[in-house]
Amino acid sequence: MHEDWKLTAFVKDRLEEDVSDTPPHLQDIERAAVSASFALAAASRSRRRTWGIPLVAASLAVVFGSFVALNTGRSPEPEQTVACVIDLLCASDGNADGIEADSVAEKLLAWQDAPYEHAIAGLVANKVN
Amino acid sequence: MKEDCELLLSYTRRGDVPSLSALVRRHAVWMQAFLRGLLPTVADAEDAFQETWIRVIKAAGSYRGGSVKAYLATVARSAAIDRLRRQGRTISLDADEGGGASALEDMPSAVPTPGERFESAATAEEVQNAVRTLPDGPRQVLLMRIEGEMSFKEIATELDVPIGTALTWMRTATMKLRRLLGGEECMKTGN
């Protein structure tokens with residue numbers, strides 16, 4: 001086996017003896033590397049763009065949900081929202097004295113900004129009064 | 001000095017072209033020798049050298065760790081085989097095919113007679129010719145072993161043969177080379 005090792009070492013030396021250590025076609029290889037590098041970067045940017053919009057939307061939804069949850073302790077039920085708006089509209093159209101100076105628009109704005117239960121309570125109180 | 005894998009990953013992950021250039025320069029000599037042993041002409045070997053690196057660039061994420069040299073040898077061998085296919089030639093894994101004994105007999109100028117072996121075997125060209133006369137299987141194993149520095153396990157996996165076959169082909173290659181190059185005399189000259 002030692003003789004085999006000597007032989008292969010000899011062959012390796014001879015095979016590499018007349019080979020230039022300057023890589024052939026190096027400039028072509030580097031050009032291809034630069035092109036591929038640009039293509040990779042572009043693909044990476046494209047992937048970021050594709051994922052960016054859903055990511056931003058999802059982030060906003062989470063922030064909004066957190067805001068609602070923090071301010072109300074629970075999410076508003078859809079039927080409550082509908083009932084609230086109907087009440088407001090009825091009060092505005094059917095009985096102007098009921099809400100007096102508070103316009104429907106102002107109530108809606110207050111409802112958006114204030115905690116949900118408080119807004120409902122305020123609306124009910126106004127309607128009762 | 002950065003390790004091979006650092007240079008390769010630096011290019012594949014960050015597109016760092018100077019790292020790739022450094023890798024190309026570092027592996028230029030053995031890879032050319034490897035390809036010259038597999039392909040009929042120096043021009044073929046140089047083109048296959050370029051093709052090898054283009055493949056490395058395109059398949060930037062295919063490196064899965066381990067020896068970079070073995071990875072490059074695998075890509076280079078594949079590029080060489082495809083080049084031969086395009087030329088209408090093939091590399092066979094049959095140890096008795098692909099330019100074995102018959103090709104050896106047809107090369108009077110390349111293969112020295114017993115009396116001439118001592119001096120002529122000392123030249124690189126003669127050694128290259130002797131390697132090219134080996135049957136394909138033993139030749140590939142020899143080149144993957146001594147130039148690609150691949151383990152026999154890696155070679156067997158790459159060639160899809162049992163490890164015993166890879167070992168046998170290596171033995172066949174060394175025995176034939178010893179006979180072609182004049183036995184001990186050439187080794188003394190080479191050392």
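Bear in mind these aren't lab numbers, they're just calculated from the coordinates by the rules spelled out. Treat the numbers as computed from the prediction; the structure is a model and nothing was measured. For neighbour counting, all protein chains shown are included, and Cβ atoms are generated from backbone atoms with ideal geometry for every residue, glycine included.
Summary table below
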read-out	value
Entries of B:LYS58/B:LYS153; A:LYS6/B:LYS2; B:LYS69/B:LYS153; A:LYS6/B:LYS176; B:LYS2/B:LYS58 with Cα pairs more than 24 Å apart	B:LYS58/B:LYS153; A:LYS6/B:LYS2
Relative contact order (%) - the range B:4-86, alpha-carbon pairs under 8 angstrom, separation at least six	31
Label point distance in nm, B:GLU3-B:SER62, each placed 7 Å from Cα along Cα→Cβ	2.3
Test item: B:30-42 mean partner chain Cβ contacts at 10 Å	3
Efficiency of FRET between B:SER78 and B:ASP16 - r from beta-carbon atoms, R0 30 angstrom, step 0.05	0.75
Inter-probe distance in nm under a simple model that places probes 7 Å from Cα toward Cβ, at A:TRP5 and A:ASP18	3.0
Peptide B:12-20, shielding by other chains (average Cβ, 10 Å cutoff)	4
